[in-house]
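First up is the structure itself, then whatever we jot down about it.
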Protein chains: 4
Amino acid sequence: MIKAGVIGATGYTGVELLRLLAPRPDVELCVVTSRELQGKAVASHFPNLRGHLDLRFAAADSAELKQCDVVFFATPHAVAMYAVRELLEAGVRVIDLSADFRLQDLALWQRWYGVEHACPELVPEAVYGLPEVNREQIRGARLLAVPGCYPTAVQLGFLPLVELGLVATQQLIADAKSGVSGAGRKAQEDLLLCEASESIKAYAVGGHRHHPEICQGLARATSEPIGFTFIPHLTPMIRGILATLYAPLKSAADMTPERLQRIFEDRYASEPFVRVLPAGELPATRAVRGSNKCDISATYLEEARMIVVLSAEDNLVKGASGQAIQNMNLMFGCDETAGLDAIALLP
Amino acid sequence: MIKAGVIGATGYTGVELLRLLAPRPDVELCVVTSRELQGKAVASHFPNLRGHLDLRFAAADSAELKQCDVVFFATPHAVAMYAVRELLEAGVRVIDLSADFRLQDLALWQRWYGVEHACPELVPEAVYGLPEVNREQIRGARLLAVPGCYPTAVQLGFLPLVELGLVATQQLIADAKSGVSGAGRKAQEDLLLCEASESIKAYAVGGHRHHPEICQGLARATSEPIGFTFIPHLTPMIRGILATLYAPLKSAADMTPERLQRIFEDRYASEPFVRVLPAGELPATRAVRGSNKCDISATYLEEARMIVVLSAEDNLVKGASGQAIQNMNLMFGCDETAGLDAIALLP
Amino acid sequence: MIKAGVIGATGYTGVELLRLLAPRPDVELCVVTSRELQGKAVASHFPNLRGHLDLRFAAADSAELKQCDVVFFATPHAVAMYAVRELLEAGVRVIDLSADFRLQDLALWQRWYGVEHACPELVPEAVYGLPEVNREQIRGARLLAVPGCYPTAVQLGFLPLVELGLVATQQLIADAKSGVSGAGRKAQEDLLLCEASESIKAYAVGGHRHHPEICQGLARATSEPIGFTFIPHLTPMIRGILATLYAPLKSAADMTPERLQRIFEDRYASEPFVRVLPAGELPATRAVRGSNKCDISATYLEEARMIVVLSAEDNLVKGASGQAIQNMNLMFGCDETAGLDAIALLP
Amino acid sequence: MIKAGVIGATGYTGVELLRLLAPRPDVELCVVTSRELQGKAVASHFPNLRGHLDLRFAAADSAELKQCDVVFFATPHAVAMYAVRELLEAGVRVIDLSADFRLQDLALWQRWYGVEHACPELVPEAVYGLPEVNREQIRGARLLAVPGCYPTAVQLGFLPLVELGLVATQQLIADAKSGVSGAGRKAQEDLLLCEASESIKAYAVGGHRHHPEICQGLARATSEPIGFTFIPHLTPMIRGILATLYAPLKSAADMTPERLQRIFEDRYASEPFVRVLPAGELPATRAVRGSNKCDISATYLEEARMIVVLSAEDNLVKGASGQAIQNMNLMFGCDETAGLDAIALLP
C-alpha cells in the first residue's frame, strides 16, 4: 500500500489527482492539504468525490505528510521549492506538478519565474518525468518534476523527428490550443464563461514559460541548435490541448508519407499512452478527454517540404495529474498503467 | 466470464456501453453490430476506444449474438421488439435500452410510438430496470427494459414523496433540462453546434414519450390518481439531465426542512448510486458527468407549501448505459457497482 | 441631442448600454464612469467599442454627470440610492438598472437587500419601467427603475393570464433558465468557464431577490392573492433567459388552444418588442440574442388543465440595457424603438 | 432604392445577408429563394427575422430575380456559375459568395472543386472583392467574387509584410481556427454539438480549397514565389476566425517592434473595417462577433526572427455576408460602411 499525500489540492490538477487516486486499491490517500479550506470536507468542495473520498482538508504543513511514501505538489509555482527538502529528508518521495524543478538552468528558471530559487541544490537531482524519454531514470527518482501540459504534447510530437535529425531544428513552430482548465481554477476575469466561451485568442505571444522547458527537452534529443516559436491559444472548452507542430524538412532529407508514418509508429510502438493514429486519421481532443492518452498524427506536405504533426492530450491527465501518477507507478514498481486505463469520455 | 453483445452500437448509448464494458475483466465483448458500419473497425468510428477494443462491427443479424449470455439493444425504438424473441429462445438474456418493453399498457405504447407492437406476448414478462424500485425482480429477469433518461431522474426525485403519500399527486410538475446527447447521434439540423449551443428551448411541450412511462412508475407507488405535467428542455451541453420537480404538499400534511431531508436520506440510505446531498447543497450535472450517480436535493418552501426536488444524472450513464450495466450486474450476480464506480469527470 | 452619462460602466449591462447608445445620432455619450478604471480608455476595456467610442472612464463623481439630460446607473445594488437625489436636483433624469427603486415596499426591500434604504423618500416617485404595463407613467418619469431580467420575462409571460383572472394565482410557478452574464462580470469561481459550462444547476432555491419584484408586479394586475414559486437556473450560455411558466387554469374556467393563442396575441398586438409566436412554434433564446425582443408562446395542456407559457429574452437587452433605452426613448419623446431595432444575431 | 435578391438563403451566410439588409432604408429585399423551402415564410425558418422581414421563399428560378439591381448568391459552390450569365444579360449585377469566380486559373479551380467550370468566359471579368486591395475595381464590377472567410483573414494579415518585401514568402504558415458556422448549416455528424463542442481538431491538413485562393492573393502583391502552408482547425464556437500567421523575416531585413507596428498602422490607416490594435493588445474573436471588423496585431520575435500576425474576424460578416454588402455599397455608390457599423456583441 502506497501512502500518498496531496498538497494544494483545491485546483484542477488537485481534484484530478484525487479522482485518479481515490479508487486505487494499492494507494491510500492519507492527507490532502489546503491553506484556505483547512477543515472543510473535500467532497463539499469537489462534489464529484462525494461517496468516494471521506477526508477533510488538512493544514499545509500537516505532520502526516512526513508519514507518506509519496507527496504530490499540486501548488502554484514557487511553493514546492520551500517544502521539498524537509520531505525528502523524512524519506518521502516527491512528485512536483509545478515548474519548480523542471528547468536545469537556474538562471533561466529565475528569469522566467521572477524569483530566486529557494532550493537550488536539489535541482540537479530532480528527474524530468516524461516517461517516453526518461523511463529508467524515473524509476529511481526521489524528486520528480512533472512536465508542463504544453511541453508534454509538443515534445511527444517533435521528438521522433528531432531525434532522427530529419528537420530544421532552428525553424520549429508550435501553435498550441489549450482548454481553459490549463489556466487553473483562478477567479480571474478572462477565464469567466462570459469572457472565454464563444471566442478564441492567442496569449503570451512574446514569450511563455513553457518555451524554455520545451527547448531544454528538444536540446537533449539533438546536438543541433534549437530555434523555436511557440504561440499558445485559449480555446473555448474545458479540457484538452491540441498542438499543431510545423517542422520544415531539412533540405538534404528524403521523405514520403509512408516513411513518416513508420517513424512515428516505430518510435512509440511500445508506449502504453501514445497512440499514433493510422494514416489519414487526425487527432481531436475529445478522443482523449479524461484519459492519459496522447494521440498523434504526422503529415508530410511535399510541396512546402513541411511536416505537420498534430498532438492531442487532456491537459489535466497526460498533461498533468495522469502523467504524475504514471511517474508514481514507475517510481513504486507498479504496473505503469495502473489506475490510468480509463477510456476517454466521448461524447 | 459474461459473454456480451451490443446491437446498434453506433450511437451515444452504444459507445457508452462499450466504454463501460471494455475494461471489465469479467465481461467479454464478443460482438458489436451495426447495419451501416458492418466491417469497419469500432475504434475508427469511436476514436476513444482505440487501443481498448479490437473489434469490427458485425452484421445486425450476426449468428454470434446467440452465443452471448446477454445482448444489449442500443437501437432506436421499435427495433428490439422484432429480434428479442429469437434471442430469448436461444437462452440469451436481453437488456433493451430502447422503449419497446417499458410500458405495460400496450395501447398506450402504440399511441405514443405510432406502430403496432411486434412482440406483445413478451411485454408482461419484461422487468422495468430501475433498481431503486425493482431490485429483486431484476435479478431474475430474462428481458429487461432499461428506463428512459428523464424517467430515471424524475422517478428517483418524486418517489420518496409519493410513496409516503405526502404530496398532491394530481399536481406534479417536472421541468427537465437535458444535454444534447439525449437526442442521440442524429445528423439533424437542430442538434448542430450552431443551432443548439448558446441557446435553450423547451420542446415536446404538448406531450413527450417519457410522460406515460413516468406516470406508470409513479402510479405503482401510490393508489392515488396521478396528474403530471412534463416539460423537457434542450440545454446547451453534451451530457446531463437536471430535473426540477415541483410537488405541492397535501393540505393536511405537516413538513419541516429537517423531516424532508430525513425522508430522502432514509429512502436512499443503502442505494449505491443515489447521493442525497447534505441540506443546503444543490446538484449540478457536472458533479455526475461520466458517473452512474444520481444527485438529489429536496427543499421545502413553506410559504408556497411547495416541495422542490432537484435530481441530476448523466443521461448516458445512470440515464441509459450505466443503468443497463447496473441491471446486468444484478442479473448475473456480480457486485451491483462492478465497472460503475468511476468518479465523475470534474471539471 | 440627448446628453447621456453611464455610471459604473465596467460590467455587462454597462457595455451593453454603450453598444446600443454609441451609434445613436440623437444621443451624445458625455461621460462614462468607473471607480477602478478611471482614466483608462473605454475601448481598451471593451475591445468591441474600439473605433466606435473615444472616451476614457471618468471618476464616479464626475461633475459632468450633472450636465447630462439622463444618467444611467449600471451599478450593483445599493449604490444608486446614494447618488440619485443630487442628480435629480440638478435636473438630470435618472434610469436605474439596479434594484434600488424597484420595490415600493421598503421593509421588503430592506429584508432582501440587507441594508437600510438610503433614499426612501424617492421610492414612491420611482416609476417601474415595464413599458408593456406602464407606458404612460414612464413618459413623465424623473426617476425610473428598470425591471430585473427575470421579472421582465416572467411578468410578460404571466400578465395576460393574470389580468383576465383565468388562472389560479396562488399556484404560479416560474422555472427560469439564465445565461451566465445575468450574474454580472464578477471574478467569482462558479462563473468560470470550467465551472459553469457543460453543466446546469438551480440556485437560490430558498428565495431569490426577484421573487418579491415579480409578486409586486403580478399583484398590480389582480385583486386575488399571489402564491408564487420561483426557481432560477444557471445555464451554460452567455446570454438569454428562458422562463417556463406554469399556471393552473381556474377550476371554473374554460379554455381552448385557440382562445389561449388569441389572448396572448391580443394582449401584445401593438407592442413593438413582444412577439407572440404562431401556434405550434416555441421560443428559443437564440432567436432574441442581441435584440430587444421577448418571444412568447402559450400552450394549454387539457389533461392537466395547465397553461404553460414560454418566454424568452436576452437578459442584457430586454432584460436590462435595451429596456433601459426603451424607457429613455419614452421619457424623451423619441420613437420607442429608436436604436433598438437590430435583428438578433443567429446563429 | 437598391432592389436586391438573395439566392439560396437558407444557410448561415444567407440569414446573415438578410439580417444586415433587412433594416436598410435604401435597400429593398425583393426576392429570397430556396429550392427546399419554397413557399415557406422566411421568418419561420429564421425566427430572428420575425417582425423584420415579411417574405416567403421563392423558387430558385423566380422571374423576380431579373427585376433586381443586384443578386447575391449564398449557394454552395458550383451553383452560381450556371445562373450568372442570364442575370448579367438582364442587367443585374451579381455578388457571388461562393467560390465559383474567385480563382482566375481555371485549371486550378477545376482541380480543387472537382467539376468543369460552367461559365469560363466570365471568370476574367469577375472582380475579387477584397476592398482593402481592390477598391477601385470593385466600384465598377458587374460580377463580384466575395473572398472566402479564411482568405480574408489571412490576406489582411500577411499583405502589409508581403507588399513591402520584408518576409520570406516561401515559408509562410497560416494556422487558422474557425467557428463551426464556417462549415455551413449542414446536417452533418461532425458538426453536431455533441461532436464539435468541447473539442478542437485540425482538418483538411493535406490541402484546403482556400489554399490556392490565398496564394493567388499573395502572389498579386509580390513578384517573389509563394510557399504557403495552411492548416485550418474546427474550433468549438459558433462564429469567428482567428488566423495565427507565421512569417520569417528575410535574412537581410531589419526590424523593430515599433517599425512593425507602424507598418500595419500605415497600411490600414484609412480602412474603415480593419483595426490595427495598439501594441501589446491581441485580437480575440469575441471583439468582432457580429461586426464587419477585422482586428489585427503584429509581434516581432527577435530571437527567432519571426513575425507573428494575429487576425480575427467574424467569418459570417467580414468573412462572408458583411464583406458582400461592403462590396455592394461600393458598387452602388453608397457609403462603404452603410448598414455595417453595428458594434460587436460582447459578451
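The calculated P(r) of region C:209-347, using every Cα pair and 10 Å bins from 0, goes 11, 34, 39, 15, 1 in percent.
Checking the cross-link pairs A:318/D:250; A:177/B:293; B:40/D:201; B:40/B:177; D:186/D:318 against a 28 Å limit on the alpha carbon distance flags A:318/D:250; A:177/B:293; B:40/B:177 as lying beyond it.
Have a look at the DSSP beta bridges in the protein assembly as shown and tell me what percent are antiparallel, nearest 5.
The antiparallel fraction comes to roughly 50 percent.
Pairs of alpha-carbon atoms within less than 8 angstrom and 6+ residues apart define the contacts here; what relative contact order does chain D have, in percent?
Working: 735 pairs, mean separation 57.5, N = 347.
Answer for chain D is 17 percent.
Taking a ≥ b ≥ c as the square roots of the Cα gyration tensor eigenvalues, region C:1-135 comes out prolate, since a/c reaches at least 1.5 and a/b is larger than b/c. Residue A:276 sits among other residues whose Cβ lies under 14 Å from its own Cβ, and their net charge, with Lys and Arg +1 and Asp and Glu -1, is -2. Looking at region D:2-125, the DSSP beta bridges with both ends there are about 5 percent antiparallel.
Counting Cβ atoms of other protein chains within 10 Å of each Cβ in C:336-345 and taking the mean gives 5. Each copy carries a label point for residue C:90 at 7 Å from Cα toward Cβ; from one copy, the others' points are 6.1, 6.2, 8.5 nm away, ordered from shortest. Explain nothing, just the number: relative contact order of region D:2-125, from Cα pairs under 8 Å at least 6 residues apart, as a whole percent. Value for region D:2-125: 24 percent. Which net charge results for the neighbourhood of residue A:102, defined as the other residues with beta-carbon distances under 12 angstrom from its beta-carbon, given Lys and Arg at +1 and Asp and Glu at -1? Neighbourhood net charge equals -3.
Specify whether the C-alpha gyration tensor of region C:129-209 places it in the rounded, prolate or oblate class, a ≥ b ≥ c being the square roots of the eigenvalues: rounded for a/c under 1.5, otherwise prolate if a/b is larger than b/c and oblate if not.
On the way: a/c = 3.14, a/b = 1.48, b/c = 2.12.
It comes out oblate by the Cα gyration axes.
Highest mean packing comes first when the peptides D:177-185, C:163-171, A:44-52, D:11-19 are listed by Cβ atoms within 10 Å, giving D:11-19, D:177-185, A:44-52, C:163-171. Dipole of region C:37-186 computed with +1 at Lys/Arg Cβ and -1 at Asp/Glu Cβ about the Cα centre; of C:49, C:91, C:117, farthest Cα towards the positive end is C:49.
Residue and whole-Å distance for the chain D Cβ lying nearest the axis of the D-onto-A rotation are D:175, 2. Think of it as helices only: each DSSP H run of n ≥ 4 in chain D is worth -39500 (n - 2.57), and spread over all residues that comes to -7500 deg cm²/dmol at 222 nm. Net charge in the neighbourhood of residue B:88 (other residues with Cβ under 15 Å of its Cβ; Lys, Arg +1, Asp, Glu -1) is -3. Rounded to the nearest Hz, the phi-derived 3J(HN,Hα) couplings of region C:39-50 under the Karplus curve 6.51 cos²θ - 1.76 cosθ + 1.60 (θ = phi - 60°) are x, 7, 5, 4, 6, 6, 7, 10, x, 5, 7, 4, where x marks glycine and proline.
State the extension gain, in nm to one decimal, for the chain segment bounded by residue A:223 and residue A:108, taking 0.36 nm per residue of separation less the distance between their alpha-carbons.
On the way: separation 115, 0.36 × 115 = 41.40 nm, distance 1.97 nm.
The span from residue A:223 to residue A:108 would gain 39.4 nm if fully extended.
Where both residues lie in chain B, what percent of DSSP beta bridges are antiparallel, nearest 5? Provide the component values of the computation, followed by the final result.
On the way: 26 of 56 bridges.
DSSP beta bridges in chain B are roughly 45 percent antiparallel.
Peptide C:287-295 has a mean of 4 when you count, residue by residue, the C-beta atoms of other protein chains within 10 Å of its C-beta.
Between residue A:1 and the same site in the other copies, what are the distances in nm, shortest first, taking label points 7 Å from Cα along the C-beta direction? Label-point separations across copies, in nm and ascending: 3.4, 8.0, 8.6.
Mind putting a number on the dipole of region B:2-125 about its Cα centre? Charges go on the C-beta only, +1 for Lys and Arg and -1 for Asp and Glu, and I need it in Debye to the nearest 20.
On the way: 12 positive and 16 negative charges, 93 e Å.
Dipole about the Cα centre, nearest 20: 440 debye.
Averaged over peptide C:225-236, the number of partner chain Cβ atoms lying within 10 Å of each residue's Cβ comes to 5.
Classify the protein assembly as shown as rounded, prolate or oblate from the Cα gyration tensor: take a ≥ b ≥ c as the square roots of its eigenvalues, call it rounded if a/c is under 1.5, otherwise prolate when a/b beats b/c and oblate if not. Rounded shape, in that the Cα axes give a/c under 1.5.
Sorting the segments D:323-335, B:115-127 by their residues' average number of neighbouring beta-carbon atoms within 10 angstrom, most packed first, yields D:323-335, B:115-127. Along Cα-to-Cβ, 7 Å out, sits the label point; list in nm, shortest first, how far the one on residue B:125 is from those in the other copies. Copy-to-copy label distances for residue B:125: 7.0, 7.6, 8.2 nm.
Under a point-charge model restricted to the Cβ atoms of Lys and Arg (+1) and Asp and Glu (-1), what is the dipole moment magnitude of chain B relative to its Cα centre, in debye to the nearest 20?
Numbers: 32 positive and 40 negative charges, 98 e Å.
Computed charge dipole of chain B: roughly 480 debye.
Expressed as a whole percent, how much of the Cα-Cα distance distribution for chain A exceeds 36 Å?
On the way: 10543 of 60031 pairs.
Of all Cα-Cα distances in chain A, 18 percent exceed 36 Å.
Any read-out appearing in this document is the output of simple, stated calculations on the displayed coordinates, not a laboratory observation. Just so it is clear, the structure is predicted and the values come from calculations on it, not from any experiment. Here the Cβ is made from the backbone with ideal geometry for all residues, glycine too, and neighbour counts use every protein chain on show.
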